[in-house]
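Heads up, the thing below is written out as C-alpha cells.
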Amino acid sequence: MNSFMLIVFLLFFIMGTISVMSYIVYNEQKLELEALTEQEMDESYVVEPQGKSGENTPINNQGIYINYFLKKNGDLVVGDEFNPELRSLIMDKVKGWSPEAIQVKYVTFTYGSHQEKEIHFLIAGKRVIDGGLVKGTLYIGKDVSYLWSMFQWLLAVLLGMLLLFVGIAIGIGQIMTRRAMKPIVHSYQLQREFLADASHELRTPISILKSGLEVMDMGENHQLSSFSSDLLVDLQKEAKSAAKLVDDLMLLARTDSGAQPLFYETFDFFSLAEQVVRSIQNVTPPSQIQLNLLSDRSLHFYGDQERMKQLLYILLNNAVQYTQPGGKVTLDYFLEEESQATKLCITVTDTGIGMEPEHLESIFRRFYRVDKNRSRESGGTGIGLAIAKWIVEAHQGDIEVESTPGVGSTFTIYLPLT
C-alpha cells in the first residue's frame, strides 16, 4: 500500500510538472507571436503590396517561420514559409479565420507521401484595417514541433526515472520492513508459544482439580455444612469454566500453527441444531428466556460436525447471556441461492442489549469484550466469537452481525453446501 501511494504521488507530481511547464512554454510562445504580429502590423501592411499574388516577401520578416497576408477575398498577397509544401495545409487551417484582435491557436497536421511527418504549429492571426476598411488578415506562425518532441522525451525520461526509483524504494522498503518486523514477529511467536505451553501446562492440574471436586461432591457432600456445600458448587463452576477456557486456548494455539484439522462428514443439520437447542434449554429456564428453533427441515450438510456444534453453542450461549429475562432467542436456517451457488444460511437472533456500531468490527477479535465488567459477570472470555469466526472461515463461509442497542443482535452465517 505504501509503495502504491508512492507511485500515485510521483505520477501526480510528474503530470503536474509537465502540465505547468507546458503552460509556461505555451504562454511564452503565444506572447512572442502576439508581439511579432503587432510589430508586423505596424511596419508592413499599411499599403497594398506590389507584384504577383503570393510572390512578395513581407517587410522586416525577422526570421518568422511563416508569414502570410490574405486579402479580404482570400487571395494570398504575401507568403513566406520555411517549407513551401506546408502552404496548402496551413491555408486550410486558417481558412475563414479573421479575428479582429490578435488571437493565437494551436494546430497540428501531417504531410509527406505517407503522412509520416507531423507538424505542431502556433499561429497568430489579426485582421488588417486601413482607413476604416478591411484590407485582409495577417497570419504569423511558428513551428513548435521541437517543443512537443522535447516534452515527449521529458515525460519518457521522468516515467523511466519513476520506475527506477520506485523499484529502488520498494526494494529498500522491503529490507527495512523485514528488519523492523523481526522483533514484532519474534514477539508474536513467543506469544503463540506461551499460549500453547501455558494451555498445555494448565490442562492437567485443572483436570485434576475438577475431578477432585466431583469426587468430594459425590462422597463428602452430605457431611459438609450449607456454606461448604455452596462453596463446593462455586468451585466446581469455576473449575468447569477454567477447563473450558484452557480448551479454547488450546484450540486457538492449534489453529495458529495449522495443526487443527477438520473432519468432514455428511450429517443432518436439523438433528444437530435440535440437539444444541435442547442442551441449552436444559440449563436455561423457559420462564427467563424463550429459546426457539424455527426450522424443522431435514438438511444434509457436509462439514465437521463437532465444530459446527461448537459454533452453534457459542452463538446461542452468547445470545442467552446477553438477553435479559423475558427475552427471546431464535435459531433459524434455510437455503439461499447466491451467484449460481446454493449456500446454507444460519441466523441467530436475540432481543438482548445489542451493541453500538463501533464495536461490530472488533467483536471477532480475540479477547475483545464490549463491556468487560458485564462479560466477567457472565463468564465471558472474549475468545468465543474468535473461535466461531475461525470455524466459519475454515468451512469457506462468511459471518456477519447486525445489532441495535436496546433492541438485539442478529448473527448471520453463510456456508457453501459442498
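The values are calculated or read from the model by the stated rules, or taken from the named source; none is laboratory data. Predicted model only: the values in this text are computed from it and were never measured. Heads up, the Cβs are rebuilt from the backbone with ideal geometry, glycines too, and the neighbour counts pull from every protein chain shown. Remember, those area values only see protein heavy atoms, side chains included, never the ligands or the DNA or RNA. Shrake-Rupley method; radii C 1.70, N 1.55, O 1.52, S 1.80 Å.
Overview of values
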item	result
Förster radius 30 Å - calculated FRET efficiency between ALA180 and ILE14, Cβ distance, rounded to 0.05	0.55
Lys/Arg +1, Asp/Glu -1 at C-beta; the chain dipole; positive extreme among VAL128, ILE170, PHE367	ILE170
Whole-percent carbon and sulfur share, accessible surface of the chain, 1.4 Å	57
Order of exposure, largest accessible area first, which applies to HIS359, HIS120 with probe 1.4 Å	HIS359, HIS120
Solvent accessible area, Å² - LYS343, 1.4 Å probe, full protein context	40
Gaussian network model of the chain, springs between alpha carbon atoms under 10 Å - residue of GLY136, GLY397, GLY303 with greatest fluctuation	GLY136
Base-10 log of normalised Debye intensity for segment 222-311 (one unit scatterer per alpha-carbon) at q = 0.14, 0.19 Å⁻¹	-0.80, -1.05
Cut-off 20 Å (backbone N to label point 7 Å along Cα→Cβ of ILE168), residues of segment 1-45	2-15
Estimated dipole of the chain in Debye, rounded to 20 [Cβ of Lys and Arg +1, of Asp and Glu -1, Cα centre]	420
Additional length obtainable on full extension of the chain from ALA101 to HIS120, 0.36 nm per residue less Cα span	4.6 nm
Cβ-based net charge around ILE119, under 13 Å, with every Lys or Arg adding one and every Asp or Glu removing one	-2
Helix-only CD estimate at 222 nm, as mean residue ellipticity for the chain, using -39500 (n - 2.57) per DSSP H run (n ≥ 4)	-17500 deg cm²/dmol
Full-stretch length increase - VAL215, LEU294 - with 0.36 nm per residue and alpha-carbon distance subtracted	24.4 nm
Charge dipole (debye, nearest 20) of segment 234-309; +1 at Cβ of Lys and Arg, -1 at Cβ of Asp and Glu	120
Antiparallel bridges, percent of DSSP beta bridges restricted to the chain (to nearest 5)	90
Solvent-accessible area per residue, Å², over the chain with all protein chains present [probe radius 1.4 Å]	60
Sites SER187 and ASN2 - FRET efficiency at Förster radius 22 Å, r taken between beta-carbons, to 0.05	0.50
With DNA, RNA and ligands ignored, accessible area of THR351 (1.4 Å probe; Å², nearest 10)	70
Additional length obtainable on full extension of the chain from ASP230 to THR255, 0.36 nm per residue less Cα span	5.2 nm
Distance (nanometres) between label positions extended 7 Å along Cα→Cβ at LEU335 and GLN152	6.3
Whole-number Å³ per residue for the convex hull built on Cα positions in segment 147-273	281
Nearest-20 debye value, segment 71-151 charge dipole, Cβ charges on Lys, Arg, Asp, Glu	320
Spin-label zone in segment 107-144 - amide nitrogen under 16 Å from a point set 7 Å from the Cα of ASN83 along the C-beta vector	107-123, 141-144
Modelled FRET efficiency - R0 35 Å, LEU76 with ALA35, Cβ distances, 0.05 increments	0.90
Which labelled figure in (1) 33, 23, 19; (2) 89, 25, 20; (3) 54, 21, 21 is semi-axes √(5λ) of the Cα gyration tensor in Å, once derived from the coordinates	(2)
